[in-house]
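Take a look at the structure below.
The values are calculated or read from the model by the stated rules, or taken from the named source; none is laboratory data. Everything numeric here is computed off the predicted structure, so don't read it as measured data. Heads up, the Cβs are rebuilt from the backbone with ideal geometry, glycines too, and the neighbour counts pull from every protein chain shown. Surface areas here come from the heavy atoms of the whole protein model, side chains and all, with no ligands, DNA or RNA. Shrake-Rupley method; radii C 1.70, N 1.55, O 1.52, S 1.80 Å.
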Amino acid sequence: MPLTRGRIVGYDDERLAFRFTMLNADKTINCQISDAAMDELVGTKGSPPTVRQDQFLAHRETIENLASDLFDAAGAVPGSFVRIFSEHILK
């Protein structure tokens, strides 16, 4: 079953990733997309953290679909993150 839209958490300076949540029924699923994956998706390199939220919003549907697909493939693991890396971005 596909995940549904949650909320934007924001940029994580320590992990160099943009964090957001998705919902699996009433359970919150933590998700993140790495800087490299976001750049791959957008078609740029080395974007500064200040533009990550705008990039996320511009490509939100694609990113959330990727997160949902990865969640479905891995299954539910309590407390884990769905992490999107550049290898998950189809070229």
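Computed from backbone phi with θ = phi - 60° and the Karplus coefficients 6.51, -1.76 and 1.60, the 3J(HN,Hα) list for the range 50-56 is 5, 9, 4, 5, 5, 5, 4 Hz; x is used for glycine and proline.
Under the simplified labelling scheme, the Thr28-Gln53 pair shows an inter-label distance of 1.7 nm, with each label point 7 Å from Cα along Cα→Cβ. In the context of the full set of protein chains, the chain has a per residue accessible area of 62 Å² (1.4 Å probe). Charges were assigned to the Cβ only: +1 to each Lys and Arg, -1 to each Asp and Glu. The resulting dipole of the chain about its Cα centre is roughly 120 debye.
Dimensions of the range 33-79 along the principal axes, based on C-alpha atoms and rounded to the nearest Å, stand at 32, 19, 15, largest first. All other residues whose Cβ lies under 11 angstrom from that of Val82 are scored, Lys and Arg at +1 and Asp and Glu at -1, for a net of -1.
For the chain, the fraction of C-alpha pairs farther apart than 17 angstrom is 42 percent.
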